[in-house]
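The values are calculated or read from the model by the stated rules, or taken from the named source; none is laboratory data. On a predicted model such as this, the values are computed, not experimentally measured, just so you know. Here Cβ is always computed from backbone atoms with ideal geometry, including for glycine, and neighbour counts include all displayed protein chains.
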Amino acid sequence: MIRPTRLSFERIKTNSVHTRTNLVTIKNMARPYDDQPEPWPKTSSSERAFAALVERIVRTRAAGKPVVWSMGAHVIKNGMSRYIIEMVRHGILTHVSGNGATSIHDFELAFLGETSENVAAAIEDGSFGMWEETGKYMNEAIKQGMAAGQGYGESLYRYLERNPERFPHYEDCVFVQCQLAGVPYTCHISIGTDIIHQHPLVDFEALGATSGRDFDTICQSIAGLEQGGVFLNFGSAISGPEIFLKALSLCRNAGLPMKDIVAANFDIVPARDDSIPSEREPEYYYRPRRNMVERLQGIGGEGHLFHGLHQVTIPQLFHRVLRRKEELGLAFAPLSYEKKLDRKKRVLYPVTERQDRFHVGQSPEPDRTEPRVWKEADSPSFAELIAGLKSARRDGNAILVNLGGNVVGSGANRYLIDLIHQGFISHLALNGAGAFQDFELAAFGHTEEADADSLAQGKLGMWQEPGNRLHAALEDGYGNGLGYGESLMKAMERNPEHFPYRDDSLLYACLRTEIPCTVHITVGTDAVQQHPAVNFAAQGGASGRDFHIYAHTVSRLNGGAFLNFGSTVTGPEVFLKALSISRNLGHPVRRIVTANFDIVRLGDYHSKVGYEDWDYYYRPRKNIIHRPTSLGGKGYHFEGLHQETIPALWRKLI
């Protein structure tokens, strides 16, 4: 197996964050006791559901049960920090969690009093995310926290404790105020998606280890919902709902009842919670709906989807909870944090007991004579993309393809494998779920668990052989200096008898053709991370090595192409960070063809959208179609199912 080149970050040029113009400052942050909340909800049905949620939160806390808060970065960017802090101080929230970007904005507000740069301008010259103090301080905090056995969130607070002179604005910092109130604050990161991952001091092993500890912490908090409680999610479309699901599974596996839970999602995405859409509709794949409504209902819980901007919904929630508490004359009881989960006691089941949605026999052989069912197959835009891909291959330029977690189960592997062998893919990137599914397919001939009742039974994701085999491969490979993808491919090379279905594997196709296959994980969202053998330090470290390999490919992408299939967050964010690194190091990555393939309907994706539009926050629009091509090239969006778009791509190219 040939070892791919890793791009060194040692010569990355950073700038002082004090020279940066920011969009959010402590001067324009919301003021909970001075601002007048906007009217919301807008409909009578939403008002009834919201009033019931407020009632539930008040009675839950009065009974001494938990209210767990999960959020994406835009909550902080929209100036809502003080509302969260006041909800912690009033005893409304018993746990606060966010992703990596959330922690960065919160951290910058504490030491700088400002945050949120102008990405569109900075990505062109490679200065995007290259901020010395933010990267230095946070990476120092995380490395010191790992050595001290702390989680990611606690590491940031302890760093502030050791260096108080650097943080004059800590009163407006969520993670500080949570720690002072004795409320857990946890951070759940995706490797390669955050600006501090671009800094020369980055330690991916420390990132994985500390965020892994935070995953254990939030699982313990969600275990506190065993007899009822509330889970609130604001603007986290992937990691929040997925971590909630994995925690629920671990709790059910431990025999906890997890009954009478209410979950509520607040976002600008207009999704409904009163019906189940078909698999041809984008709403079917919306994680808050699937995990917080549909799957929660399967174990006797209740879920709601609320539509609105954070700067409207959060003030309403805060004021109405306090008002209802006062009306009822109730006090919020303190919460005692108890350890209810023990990794050593997790119960694993043989994979032969599992019902799966996809088997190798369902993979169609590539066929040029099949009827064309995809409506955009003969469009001028698709013809332009095909011409760009053929030109890139002819000129020997890189073609980087990124896949989300639903591609393997769509049955498109054999088409992609042929594109790899024909030279139309020179680097394949997968998220953690996609890599695990492909690995399972090679080993067992089936994957994509059908979870109709497995969550209720405590079996969801708790399968012995797949986890044993993947973690053994990762431990061996990482210990020998390999990255995540390299480790899985090396296992296939060394033990072919363990992978009888490897000819249907994307990883194996990359191994045979000697092209990179990299894996970009989120800590706590993948089923394999529920396995008791999980080593989060190795997970983070191995995926970090893959980020260096990925960045090297992006540095050679001038005149090449980047295609993204179904990854709405990790794929676009990893690509944008690697592009900034490449340009920062002086690589002339200017002329790129980019294309995003998804079931999401964007309409005229070149038209301007504002903060009030849901598609403003759709990462592929900004990070794939527009920002990377501002210096040259062209970006596209194509709507369709993977089982339609990938065969159409193959037919036009081969």
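Per-structure values
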| item | result |
| --- | --- |
| Residue check for Met292: aliphatic (A, V, I, L, M), closer than 24 Å to Thr217 by Cα, in the same structural domain as His95 (by TED's automatic domain parsing) and part of a loop (DSSP other than H, G, I, E, B) | no |
| Candidates Phe424, Phe382, Phe358 - the one that is in a strand (DSSP E or B) and surrounded by fewer than 23 Cβ atoms within 10 Å (Cβ to Cβ) | Phe358 |
| Candidates Leu296, Leu309, Leu317 - the one that is more than 19 Å from the chain's Cα centre (by Cα), surrounded by 22 or more Cβ atoms within 10 Å (Cβ to Cβ), in contact (Cβ under 8 Å) with a residue 24 or more places away in the chain and over 23 Å from Gly91 (Cβ atoms) | Leu296 |
| Total residues in region 588-609, condition within 20 Å of Ala237 (Cα to Cα) and within 23 Å of the chain's Cα centre (by Cα) | 7 |
| Matching residues in region 224-269 - criterion: being over 26 Å from Gly571 (Cα atoms), assigned to a loop (DSSP other than H, G, I, E, B) and not basic (Lys, Arg) | Gly224, Leu225, Glu226, Gln227, Gly228, Ala254, Gly255, Leu256, Pro257, Met258, Asp260 |
| Filtered residue count, region 14-34, keeping only those that are surrounded by fewer than 17 Cβ atoms within 10 Å (Cβ to Cβ) and more than 22 Å from Tyr170 (Cβ to Cβ) | 3 |
| Only one of Arg59, Arg48, Arg6 that is out of contact with any strand residue (DSSP E or B) (no Cβ under 7 Å at 6 or more places or on another chain), part of a helix (DSSP H, G or I), basic (Lys, Arg) and surrounded by 13 or more Cβ atoms within 10 Å (Cβ to Cβ) | Arg59 |
| Matching residues in region 578-605 - criterion: being in contact with a Gly (Cβ under 6 Å, 6 or more places away or on another chain) and buried (at least 19 other Cβ atoms within 10 Å of the Cβ) | Ser580, Arg583, Asn584, Ile592, Val593, Thr594, Asp598 |
| Residue check for Asp476: without any contact (Cβ under 8 Å) to a residue 24 or more places away in the chain and more than 24 Å from the chain's Cα centre (by Cα) | yes |
| Evaluation of Ala452 against (1) touching a helix residue (DSSP H, G or I) at 6+ places or on another chain (Cβ under 9 Å); (2) not in a helix (DSSP H, G or I) (one fails), failing number | (1) |
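Residues checked against (1) modelled with pLDDT of 95 or more; (2) in a helix (DSSP H, G or I); (3) within 13 Å of Phe111 (Cβ to Cβ):
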| position | (1), (2), (3) |
| --- | --- |
| Ala141 | yes, yes, yes |
| Gly149 | yes, no, no |
| Leu156 | yes, yes, yes |
| Glu161 | yes, yes, no |
| Glu165 | yes, yes, yes |
| Pro168 | yes, no, yes |
| Thr186 | yes, no, no |
| Gly192 | yes, no, no |
| Ile196 | yes, yes, no |
